[in-house]
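Peer 1: I have a structure here, written as structure tokens, and I will follow up with some questions on it.
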Amino acid sequence: VVTECGAEAIAFLKIYGVLPAAALFIALYSKMATILDKKPLFYATCIPFFAFFFLFDTVIYPNRSSIQPSLSTVQSLFGIQESSLSSSSKDSGASVIFSKLFANWTSALFYIIAEVYSSVSVGILFWQYANDVVPVSQAKRFYPLFAQM
């Protein structure tokens, strides 16, 4: 993302991509947790991520040049002038960043999914497993060690 869209795109993706995706995931996970048992919940949480990463590796990334619009096409859709890429232009800002992200949507999507998965795999799935393995009487002993990892 940084090489294609610039470092400023990371903050934009974190706020407008990762945050809503994480909120949506938590809402779906909460609903699934009331319906599914622990083992199916684990698989229902992991498999969509694995499927996306497989699909990205085999289909999306190799064909990115044919499924992504060019930057000039996106900029013309948003009404951004070519000269607006300079720092002295009025159009430099969110519209320029968004146009770069839209032109490189495959990398932006991968970044968002990877960020959500890293939070899910550590934050939810690990502690779900820890709660299943460690009895309540031993929690004071083991949880501080887990938190240091």
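The values are calculated or read from the model by the stated rules, or taken from the named source; none is laboratory data. Note that this is a predicted model, so its numbers are computed, not measured. For neighbour counting, all protein chains shown are included, and Cβ atoms are generated from backbone atoms with ideal geometry for every residue, glycine included. Side chains included, ligands, DNA and RNA excluded: accessible areas come from the protein's heavy atoms. Shrake-Rupley method; radii C 1.70, N 1.55, O 1.52, S 1.80 Å.
One line per residue, one yes/no per condition, for (1) of a type in the set (A, V, I, L, M); (2) part of a helix (DSSP H, G or I); (3) without any contact (Cβ under 8 Å) to a residue 40 or more places away in the chain; (4) touching a strand residue (DSSP E or B) at 6+ places or on another chain (Cβ under 7 Å):
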residue: 4; (1), (2), (3), (4): no, yes, no, no
residue: 18; (1), (2), (3), (4): yes, yes, no, no
residue: 23; (1), (2), (3), (4): yes, yes, yes, no
residue: 33; (1), (2), (3), (4): yes, yes, yes, no
residue: 56; (1), (2), (3), (4): no, yes, no, no
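Peer 1: So, in the stretch 62-85, how many residues would count as being part of a loop (DSSP other than H, G, I, E, B) and either surrounded by 13 or more Cβ atoms within 10 Å (Cβ to Cβ) or of a type in the set (A, V, I, L, M) (or both)?
Peer 2: Number satisfying all stated conditions: 3.
Peer 1: Taking the stretch 127-149 as the region of interest, how many residues are within 30 Å of the chain's Cα centre (by Cα) and aliphatic (A, V, I, L, M)?
Peer 2: Result for the stretch 127-149: 5.
Peer 1: Here is a follow-up. Give just the number: which of (1) of a type in the set (A, V, I, L, M); (2) open to solvent by less than 70 Å² (accessible area, probe 1.4 Å); (3) in contact with a Phe, Trp or Tyr (Cβ under 9 Å, 6 or more places away or on another chain) does residue 139 not satisfy?
Peer 2: Against the list (1) of a type in the set (A, V, I, L, M); (2) open to solvent by less than 70 Å² (accessible area, probe 1.4 Å); (3) in contact with a Phe, Trp or Tyr (Cβ under 9 Å, 6 or more places away or on another chain), residue 139 comes up short only on (3).
Peer 1: For the condition open to solvent by less than 30 Å² (accessible area, probe 1.4 Å) and either in contact (Cβ under 8 Å) with a residue 12 or more places away in the chain or not polar (S, T, N, Q) (or both), what is the one hit in 122, 134?
Peer 2: Step by step, each of 122, 134 is checked, and only 134 is open to solvent by less than 30 Å² (accessible area, probe 1.4 Å) and either in contact (Cβ under 8 Å) with a residue 12 or more places away in the chain or not polar (S, T, N, Q) (or both).
Peer 1: Separate question: Quick one: residue 50 ticks every box in (1) open to solvent by 80 Å² or more (accessible area, probe 1.4 Å); (2) hydrophobic (A, V, I, L, M, F, W, C); (3) farther than 17 Å from residue 119 by Cα except a single one, so which number is it?
Peer 2: Only one criterion is unmet by residue 50, namely (3).
Peer 1: Within the group 85, 101, 71, which residue is modelled with pLDDT under 95, touching a Cys at 6+ places or on another chain (Cβ under 7 Å) and of a type outside the set (S, T, N, Q)?
Peer 2: It is 101.
Peer 1: To continue, here is another question. Pairs, please: C-beta under 6 Å, at least 6 apart or cross-chain, first residue under 15 Å from residue 5 (Cβ atoms) and in the stretch 76-102, second open to solvent by 80 Å² or more (accessible area, probe 1.4 Å) and at pLDDT 85 or above?
Peer 2: Note: pairs meeting the criteria are 97/8.
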